[in-house]
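Take a look at the structure set out below.
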Amino acid sequence: MTTTGATHQPLSSDLGEAMEFIRNVPIFSDIESAELAKIVRVGVRKKYKKGSIILLEEETGAALFVIISGKVKIVRTDDDGREVILSILGENDFFGEMSILDGLSRSASVVAITKAELFMIHRRDFLKLLQDVPSVAVSLLRELTMRLRKADSQIKSLSLKDAAGRVANVILQLADDIGTIRKGRVEIDELPLQQDLANMAGTSRETISRVVHMFIKKGHVDMHGNKMIIQDYEKFKSLFT
Ligand code: CMP
(Lines give C-alpha, C1' and ligand atoms only; values in the text may rest on other atoms or scores of the structure.)
Protein backbone atom coordinates (compact mmCIF):
# COMPACT_ATOMS: atom_id res chain seq x y z
CA MET A 1 0.00 0.00 0.00
CA THR A 2 1.30 3.46 -0.82
CA THR A 3 0.29 6.98 0.06
CA THR A 4 -1.10 8.16 -3.25
CA GLY A 5 -2.70 11.23 -4.69
CA ALA A 6 -1.85 13.84 -2.03
CA THR A 7 -1.34 17.42 -3.10
CA HIS A 8 -0.27 20.16 -0.67
CA GLN A 9 -1.18 23.79 -0.29
CA PRO A 10 -0.56 26.16 2.66
CA LEU A 11 -3.90 26.95 4.26
CA SER A 12 -2.87 30.58 4.68
CA SER A 13 -3.38 31.06 0.91
CA ASP A 14 -6.98 32.00 1.73
CA LEU A 15 -6.91 33.06 5.35
CA GLY A 16 -10.54 34.19 5.65
CA GLU A 17 -12.01 31.01 4.20
CA ALA A 18 -9.67 28.86 6.29
CA MET A 19 -10.57 30.72 9.51
CA GLU A 20 -14.26 30.14 8.79
CA PHE A 21 -13.68 26.43 8.27
CA ILE A 22 -11.51 25.99 11.36
CA ARG A 23 -14.02 27.82 13.57
CA ASN A 24 -16.68 25.24 12.61
CA VAL A 25 -14.53 22.35 13.79
CA PRO A 26 -15.83 21.47 17.29
CA ILE A 27 -12.38 21.09 18.95
CA PHE A 28 -11.36 24.59 17.76
CA SER A 29 -14.69 26.38 18.20
CA ASP A 30 -13.81 28.21 21.44
CA ILE A 31 -10.49 29.69 20.30
CA GLU A 32 -9.94 33.44 20.03
CA SER A 33 -9.36 34.80 16.52
CA ALA A 34 -5.65 35.50 17.15
CA GLU A 35 -5.01 31.86 18.22
CA LEU A 36 -7.11 30.62 15.32
CA ALA A 37 -5.06 32.64 12.83
CA LYS A 38 -1.89 31.06 14.27
CA ILE A 39 -3.23 27.55 13.65
CA VAL A 40 -4.33 28.45 10.16
CA ARG A 41 -0.84 29.79 9.37
CA VAL A 42 1.00 26.67 10.58
CA GLY A 43 -1.48 24.22 9.01
CA VAL A 44 -1.24 22.67 5.57
CA ARG A 45 -4.14 21.77 3.32
CA LYS A 46 -3.88 18.44 1.51
CA LYS A 47 -6.08 16.84 -1.11
CA TYR A 48 -6.43 13.07 -1.49
CA LYS A 49 -8.02 10.98 -4.23
CA LYS A 50 -10.62 8.34 -3.36
CA GLY A 51 -8.80 5.19 -2.19
CA SER A 52 -5.60 6.99 -1.07
CA ILE A 53 -3.87 5.72 2.05
CA ILE A 54 -3.52 8.72 4.36
CA LEU A 55 -1.91 7.01 7.36
CA LEU A 56 -0.50 3.54 7.82
CA GLU A 57 -0.83 1.53 11.02
CA GLU A 58 2.57 1.27 12.77
CA GLU A 59 4.02 4.47 11.23
CA THR A 60 5.33 7.15 13.57
CA GLY A 61 2.74 9.85 14.19
CA ALA A 62 3.91 13.28 13.07
CA ALA A 63 0.67 15.20 12.56
CA LEU A 64 -3.01 15.57 13.37
CA PHE A 65 -5.58 15.85 10.55
CA VAL A 66 -8.93 17.62 10.39
CA ILE A 67 -11.32 16.70 7.57
CA ILE A 68 -12.34 19.74 5.50
CA SER A 69 -14.42 17.62 3.09
CA GLY A 70 -14.88 13.96 2.20
CA LYS A 71 -14.93 10.76 4.23
CA VAL A 72 -12.24 8.43 5.56
CA LYS A 73 -12.34 4.97 7.09
CA ILE A 74 -10.25 3.97 10.12
CA VAL A 75 -9.13 0.36 9.65
CA ARG A 76 -7.04 -2.33 11.32
CA THR A 77 -5.68 -5.20 9.25
CA ASP A 78 -4.45 -8.66 10.20
CA ASP A 79 -1.43 -10.55 8.79
CA ASP A 80 -3.59 -12.03 6.00
CA GLY A 81 -4.61 -8.55 4.84
CA ARG A 82 -8.19 -8.86 6.16
CA GLU A 83 -9.42 -5.55 7.46
CA VAL A 84 -12.00 -4.35 9.93
CA ILE A 85 -13.46 -0.85 9.81
CA LEU A 86 -13.37 0.71 13.29
CA SER A 87 -15.07 3.93 12.30
CA ILE A 88 -15.91 6.21 9.39
CA LEU A 89 -15.18 9.92 9.86
CA GLY A 90 -16.42 12.91 7.86
CA GLU A 91 -16.37 16.70 7.65
CA ASN A 92 -15.06 18.50 10.79
CA ASP A 93 -13.88 15.24 12.40
CA PHE A 94 -10.21 14.83 13.31
CA PHE A 95 -7.84 11.86 13.44
CA GLY A 96 -4.18 11.14 14.19
CA GLU A 97 -4.32 12.45 17.77
CA MET A 98 -3.54 9.12 19.51
CA SER A 99 0.07 8.65 18.44
CA ILE A 100 0.70 12.37 18.89
CA LEU A 101 -0.46 12.15 22.50
CA ASP A 102 1.18 8.88 23.57
CA GLY A 103 4.24 8.93 21.29
CA LEU A 104 3.56 5.36 20.08
CA SER A 105 3.00 4.33 16.46
CA ARG A 106 -0.27 4.93 14.57
CA SER A 107 -2.99 2.74 16.08
CA ALA A 108 -4.79 2.17 12.77
CA SER A 109 -4.60 2.97 9.06
CA VAL A 110 -6.72 5.73 7.55
CA VAL A 111 -7.99 5.50 3.95
CA ALA A 112 -9.97 8.05 1.90
CA ILE A 113 -13.29 6.47 0.85
CA THR A 114 -14.27 9.55 -1.17
CA LYS A 115 -11.99 12.26 -2.48
CA ALA A 116 -10.99 14.22 0.59
CA GLU A 117 -9.47 17.52 1.62
CA LEU A 118 -7.66 17.61 4.96
CA PHE A 119 -6.03 20.19 7.19
CA MET A 120 -2.80 18.92 8.73
CA ILE A 121 -1.21 20.31 11.90
CA HIS A 122 2.26 19.18 12.89
CA ARG A 123 2.71 17.40 16.23
CA ARG A 124 4.67 20.15 17.97
CA ASP A 125 2.17 22.85 16.90
CA PHE A 126 -0.77 20.79 18.12
CA LEU A 127 0.90 19.96 21.45
CA LYS A 128 1.67 23.65 21.96
CA LEU A 129 -1.92 24.54 21.18
CA LEU A 130 -3.15 22.07 23.82
CA GLN A 131 -0.94 23.78 26.41
CA ASP A 132 -1.82 27.33 25.37
CA VAL A 133 -5.58 26.87 24.91
CA PRO A 134 -7.21 24.65 27.58
CA SER A 135 -10.58 24.68 25.80
CA VAL A 136 -9.03 22.72 22.91
CA ALA A 137 -7.81 20.08 25.38
CA VAL A 138 -11.29 19.86 26.97
CA SER A 139 -12.99 19.51 23.55
CA LEU A 140 -10.47 16.86 22.55
CA LEU A 141 -11.19 14.90 25.75
CA ARG A 142 -14.93 15.16 25.11
CA GLU A 143 -14.53 13.68 21.62
CA LEU A 144 -12.20 10.93 22.88
CA THR A 145 -14.76 10.09 25.58
CA MET A 146 -17.44 9.73 22.91
CA ARG A 147 -15.17 7.41 20.93
CA LEU A 148 -14.56 5.31 24.05
CA ARG A 149 -18.32 5.05 24.66
CA LYS A 150 -18.78 3.85 21.06
CA ALA A 151 -15.96 1.32 21.45
CA ASP A 152 -17.54 0.08 24.73
CA SER A 153 -20.83 -0.41 22.97
CA GLN A 154 -19.06 -2.31 20.14
CA ILE A 155 -17.39 -4.61 22.71
CA LYS A 156 -20.72 -5.24 24.43
CA SER A 157 -22.41 -5.97 21.13
CA LEU A 158 -19.66 -8.31 19.90
CA SER A 159 -19.52 -10.26 23.17
CA LEU A 160 -23.14 -10.36 24.31
CA LYS A 161 -25.46 -10.03 21.34
CA ASP A 162 -26.73 -12.54 18.78
CA ALA A 163 -26.10 -12.05 15.04
CA ALA A 164 -29.13 -9.78 14.54
CA GLY A 165 -28.05 -7.59 17.48
CA ARG A 166 -24.49 -7.32 16.19
CA VAL A 167 -25.62 -6.41 12.67
CA ALA A 168 -28.08 -3.86 14.08
CA ASN A 169 -25.29 -2.33 16.17
CA VAL A 170 -23.08 -1.95 13.07
CA ILE A 171 -25.97 -0.31 11.17
CA LEU A 172 -26.56 2.08 14.11
CA GLN A 173 -22.83 2.91 14.25
CA LEU A 174 -22.80 3.70 10.51
CA ALA A 175 -25.96 5.79 10.92
CA ASP A 176 -24.12 7.84 13.60
CA ASP A 177 -20.94 8.11 11.53
CA ILE A 178 -22.24 8.80 8.02
CA GLY A 179 -26.06 8.84 8.12
CA THR A 180 -28.29 11.81 7.36
CA ILE A 181 -31.60 12.37 9.13
CA ARG A 182 -34.66 13.09 6.99
CA LYS A 183 -38.05 13.29 8.75
CA GLY A 184 -37.23 10.72 11.45
CA ARG A 185 -35.63 8.36 8.92
CA VAL A 186 -31.89 7.93 8.69
CA GLU A 187 -30.31 7.38 5.28
CA ILE A 188 -26.89 5.80 4.86
CA ASP A 189 -26.01 6.77 1.30
CA GLU A 190 -23.15 4.40 0.64
CA LEU A 191 -23.39 1.31 2.79
CA PRO A 192 -19.99 -0.44 2.99
CA LEU A 193 -19.59 -3.79 1.21
CA GLN A 194 -21.20 -6.85 2.81
CA GLN A 195 -17.73 -8.24 3.62
CA ASP A 196 -16.87 -4.99 5.48
CA LEU A 197 -20.15 -5.20 7.42
CA ALA A 198 -19.39 -8.85 8.21
CA ASN A 199 -15.94 -7.99 9.61
CA MET A 200 -17.39 -5.16 11.69
CA ALA A 201 -20.11 -7.42 13.11
CA GLY A 202 -17.81 -10.42 13.66
CA THR A 203 -19.92 -12.60 11.38
CA SER A 204 -20.07 -13.93 7.80
CA ARG A 205 -21.24 -12.25 4.58
CA GLU A 206 -24.08 -14.79 4.36
CA THR A 207 -25.29 -13.81 7.84
CA ILE A 208 -25.24 -10.12 6.91
CA SER A 209 -27.34 -10.87 3.84
CA ARG A 210 -29.81 -13.00 5.85
CA VAL A 211 -30.17 -10.47 8.70
CA VAL A 212 -30.54 -7.44 6.39
CA HIS A 213 -33.30 -9.29 4.48
CA MET A 214 -34.99 -10.06 7.79
CA PHE A 215 -34.77 -6.35 8.77
CA ILE A 216 -36.30 -5.41 5.38
CA LYS A 217 -39.13 -7.96 5.83
CA LYS A 218 -39.90 -6.61 9.30
CA GLY A 219 -40.00 -3.05 7.92
CA HIS A 220 -37.02 -1.78 9.96
CA VAL A 221 -34.90 -0.85 6.93
CA ASP A 222 -35.12 -0.45 3.15
CA MET A 223 -32.40 -0.79 0.52
CA HIS A 224 -32.17 1.23 -2.73
CA GLY A 225 -28.98 0.13 -4.52
CA ASN A 226 -26.36 0.54 -1.80
CA LYS A 227 -28.34 3.19 0.08
CA MET A 228 -29.89 1.93 3.33
CA ILE A 229 -32.85 3.72 4.92
CA ILE A 230 -33.67 3.12 8.59
CA GLN A 231 -37.41 3.79 8.72
CA ASP A 232 -37.67 4.73 12.40
CA TYR A 233 -34.19 5.26 13.84
CA GLU A 234 -35.30 5.66 17.50
CA LYS A 235 -37.46 2.54 17.39
CA PHE A 236 -34.72 0.50 15.70
CA LYS A 237 -32.23 1.70 18.32
CA SER A 238 -34.53 0.88 21.22
CA LEU A 239 -35.08 -2.65 19.86
CA PHE A 240 -31.38 -3.46 19.59
CA THR A 241 -29.41 -1.54 22.25
P1 CMP B 1 -3.38 7.59 15.50
O2 CMP B 1 -3.18 6.35 16.32
O3 CMP B 1 -2.37 8.65 15.60
O4 CMP B 1 -3.59 7.19 13.96
C5 CMP B 1 -4.74 6.43 13.60
C6 CMP B 1 -5.95 7.21 14.06
O7 CMP B 1 -7.20 6.58 13.86
C8 CMP B 1 -5.93 7.42 15.58
O9 CMP B 1 -4.82 8.23 15.91
C10 CMP B 1 -7.29 7.98 15.81
O11 CMP B 1 -7.37 9.32 15.43
C12 CMP B 1 -8.10 7.14 14.81
N13 CMP B 1 -8.79 6.02 15.51
C14 CMP B 1 -8.25 4.90 16.03
N15 CMP B 1 -9.20 4.12 16.59
C16 CMP B 1 -10.39 4.78 16.41
C17 CMP B 1 -11.76 4.49 16.74
N18 CMP B 1 -12.10 3.36 17.37
N19 CMP B 1 -12.70 5.42 16.42
C20 CMP B 1 -12.36 6.55 15.75
N21 CMP B 1 -11.10 6.88 15.41
C22 CMP B 1 -10.12 6.01 15.73
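At-a-glance table
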item: Members of region 89-132 that are part of a strand (DSSP E or B) and near the ligand (Cβ under 9 Å from one of its atoms); result: L89, F94, F95, S105, S109, V110
item: Where M223 falls short, out of the listed (1) open to solvent by 50 Å² or more (accessible area, probe 1.4 Å); (2) touching a strand residue (DSSP E or B) at 6+ places or on another chain (Cβ under 7 Å); (3) not charged (D, E, K, R); result: (2)
item: Scope region 202-220; condition surrounded by 16 or more Cβ atoms within 10 Å (Cβ to Cβ) and closer than 17 Å to L158 by Cα; matching residues; result: G202, T203, T207, I208, V211
item: Matching residues, region 176-186, being more than 17 Å from the chain's Cα centre (by Cα), charged (D, E, K, R) and either within 20 Å of D93 (Cα to Cα) or surrounded by 14 or more Cβ atoms within 10 Å (Cβ to Cβ) (or both); result: R185
item: Which numbered condition N199 misses (of (1) part of a helix (DSSP H, G or I); (2) closer than 23 Å to I74 by Cβ; (3) open to solvent by 80 Å² or more (accessible area, probe 1.4 Å); (4) not aliphatic (A, V, I, L, M)); result: (3)
item: Single unsatisfied condition, G81 versus (1) more than 8 Å from the ligand (Cβ to nearest atom); (2) open to solvent by less than 30 Å² (accessible area, probe 1.4 Å); (3) over 18 Å from F126 (Cα atoms); (4) not charged (D, E, K, R); result: (2)
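The values are calculated or read from the model by the stated rules, or taken from the named source; none is laboratory data. From a predicted model like this one, the values you see are computed outputs, not experimental measurements. Note that we place each Cβ from the backbone using ideal geometry, even for glycine, and neighbour counts take in every protein chain shown. Quick note on the areas: whole protein, heavy atoms, side chains included, nothing else; ligands and nucleic acids left out. Shrake-Rupley method; radii C 1.70, N 1.55, O 1.52, S 1.80 Å.
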